[in-house]
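Just below is one structure, and these are the notes that go with it.
The values are calculated or read from the model by the stated rules, or taken from the named source; none is laboratory data. Given the structure is predicted, the values throughout are model-derived calculations rather than measurements. All Cβ positions, even for glycine, are placed from backbone atoms using ideal geometry, and neighbour counts span all protein chains on display. For accessibility, only protein heavy atoms count, side chains too; no ligands or nucleic acids. Shrake-Rupley method; radii C 1.70, N 1.55, O 1.52, S 1.80 Å.
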Amino acid sequence: MPATIVQTNPTPFNRVAIDPVTLDIIENALRNARIEMDATLVRTAMSPGIREQGDAFPLIADHTGKMIVGQFGSFIGGFLDNFEGTLEDGDMIFLSDPYSVDGAISHSNDWLVLLPVFKDGRLIAYTSMFGHQSDIGGKVVGSMPINARSIFEEGVRIPPVKIWKKGEYNDDLMKLVMHQTRKPDWCQADLNALIAACRVASRRVVEMAERFGDDVYVSATQDLLARNHRAMQALIGMAIAEEPVSFEDYICDDGMGYGPYKIKCTMWREDGRVILDFAGTDPQSQASINFFLNENMFKMFFGIYMIMVFDPQILFNDGFYDLIDVRIPEGSLLKPKFPAALSGRTHALGRIFDILGGLLGQKTPEFLNAAGFSSSPHLFYSGNDARPGKKGEWFQLFQIGFGGIPGRPMGDGPDGHSLWPGFTNVPNEFLERYFPMRIERYECAVDSGGAGLHRGGNGIHMTYRFLSAGTISIHDDRWFVPPWGVNGGEPGQRARKVLERADGTSVIVGNKVEDVEVQEGDQLHFITWGGGGWGDALARDPALVGLEITQGLVSPEGARDYGVVADAAGVVDLAATEALRAELRAGRGELPLFNYGPGIEALREGCVDETGLPAPIQPVWPHLEAAE
C-alpha cells in the first residue's frame, strides 16, 4: 500500500501565474538552500569521507516528491508508493537498504534521511540527504567487502523507519544502529549532520512560502519543472537520433579473479522520447561489484550529461523524466536480484558516465567525451596506532581517490579530479594529523593522460608511508581495460598499485584487494588511471606540450606521442617535430572515432607482462546455470 500523507489542512494549492523576477528569486533561493545544506553538513560531520571530501548528496523536492534542486534525482515517488505507513508533521524517515528504495541509494553505507516539510497543516515540500558512512559493521573494516556474496555480509541494513515520529526522537533505534558500527562516534555525528542539513533546507522552504505565499512558492516549483521539460525536449530532438546506437564498456574484474564484465546500452528516439535499453549487459556478479541502478537516478545522470554538454545554463531537476524510458534487465549487473552484494558498485557507477559519453557523441562526434570517469578509487587503512602518545588506539581510514578526467570538446581533461564535481581531496595535513601515515608523494602520474588535440587528464601518483602496522584494502578499476580515446585521441594509461616493503622488496598488488597486511615503514604507491585523449595528438600545439614538460604533466618521451621533439627543459625542436609528425602521419591509417587500445583477448595475452598481474578469467554465472 502507498504511504498515507496526514494533512490537517486539506485545501489544495492553487496554480497561479509567476512573473520572471519572482521565479528567478525562488530558483536562486533554492540553489542557495542546497548550498547551505552542504555547508551545514561539512561543519557538523566527523568522518573524513563526508567532512573532508563531501561524499553526501542533498535534495529539495516539491510537494509531490519531484526533485527541484539536487544531484541524483528523486526517489520519493517510489518510496511513497511502497512505504506502508503514515507521514505526518514532525516525522523524519531514516533508511540505508538499497532494496527498499529500488536503488535510490546504491549500497548500505549510504545513510539517507527524508524530511516531509509541512506548513499550516499542508505538505509543501520534502528535503533529503544521504551520505556515505565510513563503517556500518559487516565482515571487513569499512563495510565494503570485495568478496561479499550477499548484502548480509556488508553491515547493518536499515529499512525505512521513523527516526523522528511526530516530533519525538527514536533514541532506542539509534542505540541499536550505532551498536553495529566500529565507529559509532563518526556515524552518530554524520547522521546528526544529515538531519541538520535537512532541517536547514526545511526552514528555508517555509521562509520562501511565508515571503511569497504558499501558492506562489508551489507554482514556482511547477514552473521550474515545466521549464526543464521544455529544454530537455528540445535537446533530445537535437541530439538523439531515431536510429538506434549502441555502446559497451567493461568493468575490469570483480576482485575474485573474474572479468571483465560488460555493460551495454542502446539508445534511440521514439515519439519524442529517448529510450535507453541495457539489454546485453552481463548478468549480476557473485561478488560485490553489482550496481543496483535506479531508473530515475539514471534519468538524472542522462539529463545532467545532456545539460552539461549541450546547455550548461539549465538548472537540472526532475521535470523531464517522462521524456526518458530506461530499460534494465532483471538479474543483470545493473539490476541484481536480492540479496546480491552491492558494496563495490562504484566501478559500474563511474562506467555509466563513460557509456553515456560514448552514446551521446555518435550522432555529433564534436560533442564526444573520451573515457575517464570510470571509477572511484578507495583506500582503507586500519589498525592500532603505534605512534608515541596514541596508546594503541584504534584507527581506520576510508579515503576516496581521483583519476584523470577525459579529454573533452572544449579542452583538456582535468588532472586528478573527482568523478563528482563537488568532491574534494582529503588534505595531506589532515591525514598525517589523524592517522599513522606520512604522504611522501602527491602528484600527477606523468604521461598517464591519453594523447590528443585535447589531452586526457593525468591520474594521481600518491605514496603513503605507513607508520603503524595494520591492514589495507584497495578498490579501483581501469587496470585491465584502458580508458578509450575519441576522434583520434589515444587511450589513457591504466591504474596500478605497488607495495614497497620496508626491507626494500616490492610487490604489485591488485586493484581490488582486501586485508593486505602492512608493517611500519612500508610504502604504497597508489597510481590511478588517466583519461582518454580527444582529437588528433599531432595537431596539438608543440609549445603547449613543451610547457607541460616543465609542469611535470608530460615527459620528453611522452611528448613524442604528440609528435613533439623536446628536451627536459621543455624546449621544442620545431624542425625535428615537423619531421617526426610527417613520419607518424605517413605511417598511420584513418583515425578511429573510438580508440579502445588492444581488444580483450590481446589484453589477456599481454596482461602479466604489461601489468604484473594475471589476467582475469572470463566470468561464469553458475547460479544462473543452476536455476536453468
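The spacing between segment 497-526 and segment 1-29, judged by their C-alpha centroids, is 56 Å.
With both labels modelled 7 Å from their Cα along Cα-to-Cβ, the Glu440 to Thr550 distance reads 3.1 nm. Surface composition of the chain: carbon plus sulfur atoms hold 52% of the accessible area, using a 1.4 angstrom probe and ignoring ligands, DNA and RNA. The stretch between Asn82 and Asp609, if pulled fully straight at 0.36 nm per residue, gains 184.5 nm over its current Cα-Cα span.
Counting only protein heavy atoms and using a 1.4 Å probe, the accessible area of Ile617 comes to about 100 Å². Using the Cβ-Cβ distance between Lys166 and Ala189 with R0 set to 22 Å, the FRET efficiency works out to roughly 0.30. The share of Cα pairs per 20 Å bin across the chain, counted from zero up to the longest distance, runs 19, 52, 27, 3, 0 percent. Only helices reaching 15 angstrom along their own axis (Cα) with mean Kyte-Doolittle hydropathy no lower than 0.5 count here, and for the DSSP H runs of the chain these are 295-310, 346-360.
Accessible surface for segment 39-116, divided over its residues, is 25 Å² per residue with a 1.4 Å probe. Over segment 336-494, the hull volume per residue, using the convex hull of the C-alpha atoms, is 133 Å³.
Along the axis of the charge dipole computed for segment 1-122 (Cβ charges of +1 for Lys and Arg, -1 for Asp and Glu, origin at the Cα centre), the listed residues Phe13, Ser74, Leu114 are led at the positive end by Phe13.
Of the residues Gly372, Ala386, Leu334, the one whose Cα sits farthest towards the positive end of the charge dipole of segment 301-458 is Ala386 (charges of +1 on Lys and Arg Cβ, -1 on Asp and Glu Cβ, taken about the Cα centre).
The relative contact order of segment 455-545 comes to 44 percent, based on Cα pairs under 8 Å that sit 6 or more residues apart.
Net charge in the neighbourhood of Arg438 (other residues with Cβ under 14 Å of its Cβ; Lys, Arg +1, Asp, Glu -1) is -3. Counting only DSSP H runs of at least 4 residues, each contributing -39500 (n - 2.57), and dividing by the residue count of the chain, the helix-based mean residue ellipticity at 222 nm comes to -9000 deg cm²/dmol. Binning the alpha carbon pair distances of segment 118-203 at 10 angstrom intervals from zero yields the distribution 15, 42, 29, 12, 3, 0, expressed in whole percent.
Express the relative contact order of segment 177-298 as a whole percentage, based on alpha carbon pairs under 8 Å and six or more residues apart in sequence. Present the calculation step by step, with values, prior to reporting the outcome.
Details: 99 pairs, mean separation 17.4, N = 122.
The normalised contact order for segment 177-298 reaches 14 percent.
Here the chain carries DSSP beta bridges of which approximately 90% are antiparallel, counting only pairs with both residues inside. The residues of segment 382-464 have, on average, 39 Å² of accessible surface per residue, using a 1.4 Å probe with all protein chains present. Considering only Tyr261, His525, Val608, and ranking their Cα positions along the charge dipole of the chain that arises from unit charges at the beta-carbon of Lys, Arg, Asp and Glu, the one farthest toward the positive end is His525. Neighbours of Lys139, meaning other residues whose beta-carbon lies under 11 angstrom from its beta-carbon, give a summed charge of -3 when Lys and Arg score +1 and Asp and Glu score -1.
Using every pair of distinct Cα positions in segment 183-321, the Kirkwood expression returns a hydrodynamic radius of 18.8 angstrom. Model label sites at Glu210 and Asn14, defined 7 Å from Cα along the beta-carbon direction, differ in position by 2.3 nm. For segment 146-279, the solvent-accessible area with a 1.4 angstrom probe is 43 square angstrom per residue. Working from Cα pairs under 8 Å separated by at least six residues, relative contact order for the chain is 12 percent.
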